[in-house]
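The values are calculated or read from the model by the stated rules, or taken from the named source; none is laboratory data. No experiment lies behind these values; they were computed from the predicted model shown. Using ideal geometry, Cβ is built from the backbone for each residue, glycine included, and neighbour counts are taken over all protein chains shown.
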Amino acid sequence: MSQFEITIAHQGWLAGVTPEEDLCSHGGIRLRISGIAITTGAEDYGISESALALLRTLASDRVRGDALAEVMIFHGCGAMLMGGCSLGVDWTTRHVAERVLISDVVRYDGAGGTDAHFFPDAIADLPFGEYASAVIPFARAARALFEGVSKTVKESEFAPGAYSAFWREYDDLLVRYGHGTLIPLAV
């Protein structure tokens, strides 16, 4: 068993929103760190946003609460493109000598950082390759739902080009660390 396990339990679009209108995927995420269940797959999280946050940790350290992303696992509250929702799961990720250290794990079940559940024993020290071997398949599975779906992006609701920039960064990191090619998404 790996010290860091993350998988998609189920993934889809928000109810009442067409796949063309929903810019983020939502669903259940199973997360275990050092054998401790942080999420079970029953909760609703923003999967595509969480995948980008995880991909970023392949290239950079991240201290819980840093600006790399508001949290690491975003709640599926409909906040688009990694902003505006403090619900979710957060932790610190550090790179030391070809290893990844994970600590300071907390799950926020209430708005504004309330109803915090701390996991002091969810500490992992694993080889970078093992960490990447969990993150890359998660990110590929999150991306697969978007393949073949043309999105209707209302640029007035976001910074111009934000949706395209999201997927450009996502794909760049996925190709760099996943050592593969991708079919471009329709954006």
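Looking across I8, I36, one residue alone is at pLDDT 95 or above and more than 17 Å from the chain's Cα centre (by Cα). It is I36. In region 88-136, what residues are under 20 Å from R30 (Cα atoms) and of a type in the set (S, T, N, Q)? Correct list: T92, T93, S103, S133. From the list A122, A132, the lone residue that is modelled with pLDDT of 90 or more and either basic (K, R) or part of a helix (DSSP H, G or I) (or both) is A132.
Name the single residue, out of those in region 46-96 being surrounded by fewer than 23 Cβ atoms within 10 Å (Cβ to Cβ), under 22 Å from F128 (Cα atoms) and acidic (D, E), that is modelled with the lowest pLDDT. The extreme case among them is D66.
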